[in-house]
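Data first, discussion second: the structure below is written as structure tokens.
The values are calculated or read from the model by the stated rules, or taken from the named source; none is laboratory data. Keep in mind that what you see is a predicted model, and the values were worked out from it rather than measured. Glycine also receives a Cβ, built like all others from the backbone with ideal geometry; neighbour counts cover every protein chain displayed.
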Amino acid sequence: KADLWENLASGWMCCPKGWKRFQKSCYYISDDTMPWAESVQNCTGMGSHLVVINSKAEQVVFTSDYETKYYIGLSAYKNGQWQWVDQTPYKKADTFWKPGEPNLLFAERCAAIHVKGNTDPNTYSNWNNILCFTSCYRICELAVKFV
């Protein structure tokens with residue numbers, strides 16, 4: 001009964017159908033692939049943005065049973081400086097690049113999570129910078145709605 005009362009007091013947290021909730025965000029993990037710019041537009045079209053990863057806990061949410069790549073909302077598109085799509089300041093200390101990444105910055109200016117299956121020991125460091133026209137899956141992020 002106390003739990004119910006807490007929910008009533010703070011409101012229900014909702015995500016759109018087909019989205020997953022984690023903490024205060026909703027996530028859409030696509031089942032189709034497209035280049036980075038189209039991925040940005042697709043998320044925007046749903047009133048969201050490509051995922052901005054702010055914590056280790058959030059990073060772990062996106063493990064998968066099979067090898068795949070997901071675009072995240074990080075690119076060095078404009079001026080060669082890494083930038084998050086929502087203007088969150090880029091802090092190298094708060095990133096999860098694979099060892100040796102990011103590399104080839106003159107060409108590979110978009111970031112993706114590279115999952116190598118759920119037994120991948122590198123869950124905490126699996127970002128890779130890739131060519132922006134590569135077709136990848138994408139993760140969109142949206143703040144939960146309180147109703």
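Structure above, values below:
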quantity: Of the criteria (1) within 21 Å of K145 (Cα to Cα); (2) at pLDDT below 90; (3) of a type outside the set (K, R), which one H114 fails; calculated: (1)
quantity: Lone unmet requirement of (1) over 27 Å from C14 (Cα atoms); (2) touching a residue at least 12 places away in the same chain (Cβ under 8 Å) for K91; calculated: (2)
quantity: Where C26 falls short, out of the listed (1) within 20 Å of M13 (Cβ to Cβ); (2) assigned to a helix (DSSP H, G or I); (3) hydrophobic (A, V, I, L, M, F, W, C); calculated: (2)
quantity: Neighbours by Cβ (under 6 Å, 6+ apart or cross-chain): first from region 6-27, within 7 Å of V144 (Cβ to Cβ) and surrounded by 10 or more Cβ atoms within 10 Å (Cβ to Cβ); second among the charged types (D, E, K, R) and modelled with pLDDT of 90 or more; calculated: C15/R21; S25/E141
quantity: Residue list for region 86-110, restricted to those being under 24 Å from L142 (Cβ atoms) and buried (at least 19 other Cβ atoms within 10 Å of the Cβ); calculated: F96, C110
quantity: Criterion violated by S75 - all others in (1) small (G, A, S); (2) at pLDDT below 85; (3) in contact with a helix residue (DSSP H, G or I) (Cβ under 7 Å, 6 or more places away or on another chain) satisfied; calculated: (2)
quantity: Flag for E108 being touching a Leu at 6+ places or on another chain (Cβ under 6 Å) and part of a loop (DSSP other than H, G, I, E, B); calculated: yes
quantity: Any hit, region 53-70, residues being farther than 20 Å from Q23 by Cα and assigned to a loop (DSSP other than H, G, I, E, B); calculated: yes
quantity: Of all residues making up region 31-54, the number that are at pLDDT below 95 and under 11 Å from the mean Cα position of the chain (by Cα); calculated: 2
